[in-house]
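S.K.: Got a structure for you, questions after.
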């Protein structure tokens, strides 16, 4: 029987971890037990990791209260985001398209944690950070056929070239083998991993998740990361 207990050195002095693109409740439960701070659920129909409301509810129901459930949306309107959040019991939303600053502000007023994605290679670019006021920014390169989740590593240090004015979540091609290098390059407050711990899109390799947590636990940042997920 596999050991899925939280490692003894699990601590919030490391960057927080969001495992994204979950489609199965059993895998989400194990990811939470291993130490994930947040679980991401993709509500974008063109993604191979897309979940239905029924799937999402089955996942959020098994998560401990301390683990955030993050709905990922691409250019969805306020009404759809809120209907989905209410139906699935989401605690946070991630906006991964060309959403407006007004939408970010409106969602913040609902009490949800709001994450806005910015990109190195497409709009909205890192330079647009001053236009928004989310709880945190997620940054990645923005290349590939999908708005996110294209498994592309990039020059993570680019994320440090801009003062984003909010906690930073680093994404893009992060795996158990390179997470230490990614964190050293960008010094983020959180990391977002999806394809780097998968067998196939939407199906997580729990051995890789455990290896990722072990690698993350060894990372020591000079500054205390800012909390994104409670």
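S.K.: Hey, residue 165 hits all of (1) under 17 Å from residue 38 (Cα atoms); (2) surrounded by fewer than 13 Cβ atoms within 10 Å (Cβ to Cβ) but one; which does it fall short on?
M.R.: Of (1) under 17 Å from residue 38 (Cα atoms); (2) surrounded by fewer than 13 Cβ atoms within 10 Å (Cβ to Cβ), only one is false for residue 165: (1).
S.K.: Taking the stretch 160-169 as the region of interest, how many residues are under 12 Å from residue 136 (Cβ atoms), without any contact (Cβ under 8 Å) to a residue 40 or more places away in the chain and either touching a strand residue (DSSP E or B) at 6+ places or on another chain (Cβ under 7 Å) or in a helix (DSSP H, G or I) (or both)? Steps first, answer last, please.
M.R.: Just the residues of the stretch 160-169 that are under 12 Å from residue 136 (Cβ atoms), to begin with: 164-169.
Those still in the list that are without any contact (Cβ under 8 Å) to a residue 40 or more places away in the chain too: 165-166, 168.
From the residues that got through so far, the ones that are either touching a strand residue (DSSP E or B) at 6+ places or on another chain (Cβ under 7 Å) or in a helix (DSSP H, G or I) (or both) too are 166, 168.
Residues meeting the conditions: 2.
S.K.: Now, a different point. Keeping to the stretch 36-66, report how many residues are assigned to a loop (DSSP other than H, G, I, E, B) and touching a strand residue (DSSP E or B) at 6+ places or on another chain (Cβ under 7 Å). Outline the logic, then answer.
M.R.: Of all residues in the stretch 36-66, those assigned to a loop (DSSP other than H, G, I, E, B) come to 36-37, 43-49, 51-52, 61-66.
After this cut, where a residue has to be touching a strand residue (DSSP E or B) at 6+ places or on another chain (Cβ under 7 Å) as well, the list is 36-37, 43-44, 49, 51, 63.
Number of matching residues: 7.
S.K.: Look at residue 119 and say whether it is modelled with pLDDT under 95 and closer than 23 Å to residue 170 by Cβ.
M.R.: Numbers: modelled with pLDDT under 95: yes; closer than 23 Å to residue 170 by Cβ: yes.
Considered against the rule, which asks whether it is modelled with pLDDT under 95 and closer than 23 Å to residue 170 by Cβ, residue 119 comes out as yes.
S.K.: May I ask you to say which residue of 111, 97 is closer than 29 Å to residue 160 by Cα, out of contact with any strand residue (DSSP E or B) (no Cβ under 9 Å at 6 or more places or on another chain) and part of a loop (DSSP other than H, G, I, E, B)?
M.R.: It is 111.
S.K.: Please verify whether the stretch 71-88 includes one or more residues that are buried (at least 23 other Cβ atoms within 10 Å of the Cβ), touching a strand residue (DSSP E or B) at 6+ places or on another chain (Cβ under 9 Å), in a loop (DSSP other than H, G, I, E, B) and in contact (Cβ under 8 Å) with a residue 24 or more places away in the chain.
M.R.: Scanning the stretch 71-88, I find no residue that is buried (at least 23 other Cβ atoms within 10 Å of the Cβ), touching a strand residue (DSSP E or B) at 6+ places or on another chain (Cβ under 9 Å), in a loop (DSSP other than H, G, I, E, B) and in contact (Cβ under 8 Å) with a residue 24 or more places away in the chain, so the answer is no.
The values are calculated or read from the model by the stated rules, or taken from the named source; none is laboratory data. Since the structure is predicted, the reported quantities are computational estimates derived from the model, not experimental observations. Reconstructed Cβ throughout: ideal geometry from the backbone, glycine too, with neighbour counts over all protein chains shown.
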